[in-house]
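The values are calculated or read from the model by the stated rules, or taken from the named source; none is laboratory data. The structure presented is a predicted model; accordingly, all values stated were derived computationally and were not measured. Ideal geometry is used to build each Cβ from the backbone, glycine not excepted, and the neighbour counts take in all protein chains shown.
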Amino acid sequence: MYNRTKLFLHKNVYSKNTDDIFFGAVRENIEWHISHCVKYARLLETQGFTLQKLKSYEDIYRLPPIPTLFLKKHELFSMPLQKIHMQSTTSGTSGTPVKVGFDKSAMLLGLNMLRKTFFYHKMISAVPTNYIVLGYEPSTHNHMGAVRTAYAATLLAPPLHREYALKDTGTEYVLNEEGVLNALITYSKKPFPVRINGFPAYLYFLVEKLKQEKIRLSLHPKSLIFLGGGWKKFAAQKVDKQTLYKMAEEQLGIAEQRFHEFFGVVEHNVPYCDCKNHHFHVPVYSRVLIRDIHSLEPLPYGKPGLLNLITPLLKSMPLTSILTDDIAVLHRGEECGCGISAPYFEVLGRAGLQGIKTCAAGAGSMLEELK
Amino acid sequence: MNLAFGKIIDQKERAEIVGALDMFTSKTLSQKTLVPSIVINACDRLARSIGTEHIELLLSLGIPKKQGIQYLEEAKTMLNRDYLLFRLEKELGPSYMEENNFTTGDETLAVTEKLYPLGVLLHITAGNQYGLALYSVIEGLLTGNINIVKLSSDDDGLSGFALQELIHMEPLLADYIYLFDYPSTDTKAIGKLIDVSNAIIVWGGDRAVQAVRKMTSPLTQIIEWGHKISFAYATKPGMTKESLTGLAQNIVQTNQLLCSSCQGIYLDTESMDDIYDFCDYFLPILDDCRKNQRLELPMEIRAQNSIQIYTESLESIETPCKVFKGAHTSIVAYENNKLDISIMHGNCWVKRLPSHDIVKILQPNKNHLQTAALLCGDIERNHITNQLLKAGVVRITDGANMSKIYRGATHDGYYPLRKYMRVVSIERMI
């Protein structure tokens with residue numbers, strides 16, 4: 001795994017000259033998984049893939065991607081479970097949650113990747129900060145990747161205080177709207193920056209509430225908003241980025257340049273932070289392919305299709321190439337104009353049945369939450 | 001939306017009304033009687049008030065114009081006087097309003113039997129059909145019941161609007177209609193609604209039905225209108241291009257989203273080679289039907305289909321199958337014979353099921369079975385029809401007519417109005 005270590009310790013997050021190391025790392029990674037995960041090896045075999053087909057960097061697209069849908073129904077491990085540390089789970093909004101386990105080396109390399117990524121995007125600060133987390137409070141009964149990410153983001157600047165929108169009562173989560181509002185008002189009177197992390201839908205609801213209550217705050221100029229995750233069940237209320245930023249700027253006094261967005265997939269583990277033009281550039285740790293929605297063949301720049309994320313980070317699970325449910329488009333880095341030359345992707349939507357009314361058996365029922 | 005006594009109410013009023021709901025319903029039950037003619041008159045007036053101006057309302061709910069016009073036409077038909085009278089007579093019998101007087105065989109008892117409302121119905125609706133709560137409540141009203149609706153979390157407001165209009169047409173109905181939008185997680189409130197009801201009418205999938213069963217005491221009856229599965233059964237003599245084109249049309253026109261849509265095709269064979277040959281033959285027919293339909297599915301749906309088809313091919317390591325992929329549709333040939341839903345949107349399955357195994361394999365799905373399209377020769381038709389009915393299927397059609405609705409058809413094999421009434425017997429003192 002020499003190339004993997006080299007790749008994840010690479011000094012530049014967005015270097016253009018890492019194709020050889022990346023290819024070497026992917027090949028080593030696939031070799032490891034084929035010899036340690038029988039199910040994965042059989043799966044590749046049924047798709048007509050052999051290691052011999054990975055001859056050069058250009059062959060990476062030949063590797064059959066694993067759909068996140070497949071992982072909802074099947075577990076794939078390349079290590080004994082006792083050697084796997086820390087398990088994140090997906091939210092399970094669209095079905096069964098997926099458990100993702102990390103090997104020790106992946107954790108260490110992953111932490112370094114996070115540190116470098118956040119450092120590059122100037123997210124790390126030594127100034128003590130108050131946090132509003134627009135998401136779940138960490139809890140022993142919640143292993144969702146989004147919870148860990150939101151918590152980890154409160155360590156980027158020394159935390160003075162954290163207030164969570166979804167508070168843990170020990171057995172369940174309760175909405176803490178009043179607590180968040182009060183904390184925000186208190187924070188606005190302090191001489192410290194405020195960081196608001198979490199789901200964009202929650203930020204929208206928060207600024208709407210402030211608007212209703214006629215509260216306009218002027219938070220510390222070094223304050224920051226860090227959003228991640230989709231609108232999911234609030235898709236109907238979704239507003240575009242610019243509208244949301246403008247609304248938040250009016251109510252919170254945080255300038256648009258202080259807004260950051262984050263894209264991540266639990267099954268993939270590489271964080272994508274937006275640039276100053278709010279684009280997700282692809283770091284050295286991964287590659288992004290857009291696949292045709294019918295043939296699943298790779299598409300050129302500018303063509304929308306399914307988002308395929310590739311990284312050789314994990315030895316614990318064969319998640320090297322993941323086919324997500326996201327519909328996205330890949331652009332040349334130069335088209336952005338922010339100075340990062342690595343390509344960037346734009347998420348356009350999500351595959352699925354949203355809004356489709358079906359009465360066929362097995363379709364989602366409205367009472368599913370009832371126990 | 002919350003509605004009680006003909007008025008929209010807020011959450012505070014809702015809490016007060018639900019707190020005393022047993023008092024309100026028992027007062028209505030003891031002091032009033034709702035006869036069908038009152039309901040029919042109100043519905044007919046509502047039907048006649050439906051006009052093209054209502055299309056704006058449907059558009060605002062995100063319903064495409066063409067579909068909206070179809071819904072309005074359907075509503076006009078289903079609320080029309082003649083149609084409601086026809087239903088009452090067909091479902092309850094021509095003498096549904098009359099008392100049946102007779103003396104027992106040994107002449108020791110003289111009795112009067114008549115149909116009587118169950119009392120209070122709680123409708124737990126699903127969000128998969130526009131106006132479902134409206135039609136469900138109208139069935140409850142026609143049979144003289146008080147109707148409480150627990151709206152689904154994604155209710156579009158259409159039923160609430162129409163029911164308000166109905167009360168406006170006939171204020172006497174105000175005491176017979178309650179609408180509450182409690183979330184499904186508010187089990188305490190839903191429990192209260194269950195407690196005052198004689199029967200619960202559940203619309204939705206298995207999990208909804210199971211959840212209601214768990215919450216309900218034996219004192220309250222449960223009437224389930226759950227999700228169903230439909231399929232086709234084909235033998236060699238029945239596999240003509242014409243019959244298969246009809247079946248393909250059902251698949252692409254309904255996108256396999258209805259309970260009556262064909263999810264997959266069972267072939268009367270034990271050979272996988274027969275299955276593969278059939279897939280090779282049927283795929284171009286299915287693909288042509290989709291192509292001729294000239295309706296491009298949204299990108300999100302096409303992407304979802306591709307992911308699912310690809311996932312099926314990956315899963316063949318555990319569930320042996322072969323994917324036949326066309327330009328617009330696909331077929332998955334499985335080695336197992338499990339009745340399952342398909343990927344939908346023009347993607348069906350094909351499996352083996354020799355005719356002598358029909359009952360054995362399908363009967364375990366009993367309450368899930370709905371329509372079977374039977375594509376076979378004339379000589380075998382009666383035998384296979386009986387086998388399918390014995391397994392639990394409630395409707396047999398050809399491929400093209402699987403989802404065709406006709407006036408007075410049963411709902412999954414039952415007449416709803418009949419289910420919402422009981423037969424009471426009163427001894428006549430002579």
So for the range B:209-218 (the condition being outside any helix (DSSP H, G or I), crowded, with 19+ Cβ neighbours inside 10 Å, within 11 Å of chain A (Cβ to nearest Cβ) and under 25 Å from the mean Cα position of the chain (by Cα)), does at least one residue qualify? no
Filter the range A:278-321 down to the residues that are without any contact (Cβ under 8 Å) to a residue 60 or more places away in the chain, away from chain B (no Cβ under 14 Å) and surrounded by fewer than 24 Cβ atoms within 10 Å (Cβ to Cβ) and list them by number. A:His278, A:Ser286, A:Val288, A:Pro300, A:Tyr301, A:Gly302
Among residues belonging to the range B:176-204 that are surrounded by 23 or more Cβ atoms within 10 Å (Cβ to Cβ), within 10 Å of chain A (Cβ to nearest Cβ) and not in a helix (DSSP H, G or I), point out the one that is modelled with the lowest pLDDT. B:Gly204
With the first residue restricted to the range B:347-358 and required to be closer than 13 Å to B:Ala391 by Cβ, and the second required to be modelled with pLDDT of 95 or more and part of a strand (DSSP E or B), Cβ contacts under 6 Å at 6 or more apart or on different chains are B:Leu353/B:Tyr266
Test for B:Val252: is it β-branched (Val, Ile, Thr), closer than 30 Å to B:Gln387 by Cβ, facing chain A (nearest Cβ under 10 Å) and assigned to a helix (DSSP H, G or I): no
Against the conditions (1) among the hydrophobic types (A, V, I, L, M, F, W, C); (2) farther than 16 Å from A:Arg287 by Cα; (3) not in a helix (DSSP H, G or I), where does A:Ala41 fall short? Just the number, please. (3)
I'd like the full set of residues that are of a type in the set (A, V, I, L, M), within 19 Å of the chain's Cα centre (by Cα) and either in a strand (DSSP E or B) or crowded, with 17+ Cβ neighbours inside 10 Å (or both), limited to the range B:390-420. B:Val393, B:Val394, B:Ile396, B:Met402, B:Leu417
Of B:Ile301, B:Ile285, B:Ile307, which residue is β-branched (Val, Ile, Thr) and more than 10 Å from chain A (Cβ to nearest Cβ)? B:Ile285
Failed criterion for B:Ile223 (all others in (1) in a strand (DSSP E or B); (2) more than 14 Å from every other protein chain (Cβ to nearest Cβ); (3) within 19 Å of B:Ser355 (Cα to Cα) hold): (3)
In the range A:31-58, what count of residues is obtained for those that are aliphatic (A, V, I, L, M) and either touching a strand residue (DSSP E or B) at 6+ places or on another chain (Cβ under 9 Å) or not assigned by TED's automatic domain parsing to the domain that holds A:Phe70 (or both)? 1
Give the range A:1-38 a look and list any residue that's part of a helix (DSSP H, G or I) and of a type in the set (Phe, Trp, Tyr), or say none. A:Tyr2, A:Phe8, A:Phe22, A:Phe23, A:Trp32
Is it the case that some residue within the range B:95-103 is loosely packed, with under 15 Cβ neighbours inside 10 Å, among the aromatic types (Phe, Trp, Tyr) and away from chain A (no Cβ under 14 Å)? yes
From A:Thr117, A:Thr171, which residue is in contact with a strand residue (DSSP E or B) (Cβ under 7 Å, 6 or more places away or on another chain) and either in contact (Cβ under 8 Å) with a residue 24 or more places away in the chain or in the same structural domain as A:Val207 (by TED's automatic domain parsing) (or both)? A:Thr117
Is the range B:230-247 home to any residue that is at the interface with chain A (Cβ under 9 Å from one of its Cβ atoms) and closer than 28 Å to B:Leu158 by Cα? no
Test B:Leu132 against the stated conditions and say whether it is buried (at least 19 other Cβ atoms within 10 Å of the Cβ) and within 25 Å of B:Ser30 (Cβ to Cβ). no
What's the number of the condition B:Gly105 fails, among (1) touching a His at 6+ places or on another chain (Cβ under 7 Å); (2) part of a loop (DSSP other than H, G, I, E, B)? (1)
Taking the criterion of being under 12 Å from B:Tyr266 (Cα atoms), under 26 Å from the mean Cα position of the chain (by Cα), more than 14 Å from chain A (Cβ to nearest Cβ) and not polar (S, T, N, Q), would at least one residue in the range B:330-338 satisfy it? no
If we ask which residues in the range A:322-339 are of a type in the set (Asp, Glu) and within 11 Å of chain B (Cβ to nearest Cβ), their number turns out to be 2
Scope the range B:266-294; condition assigned to a loop (DSSP other than H, G, I, E, B), surrounded by fewer than 16 Cβ atoms within 10 Å (Cβ to Cβ) and modelled with pLDDT of 95 or more; matching residues: B:Glu270, B:Ser271
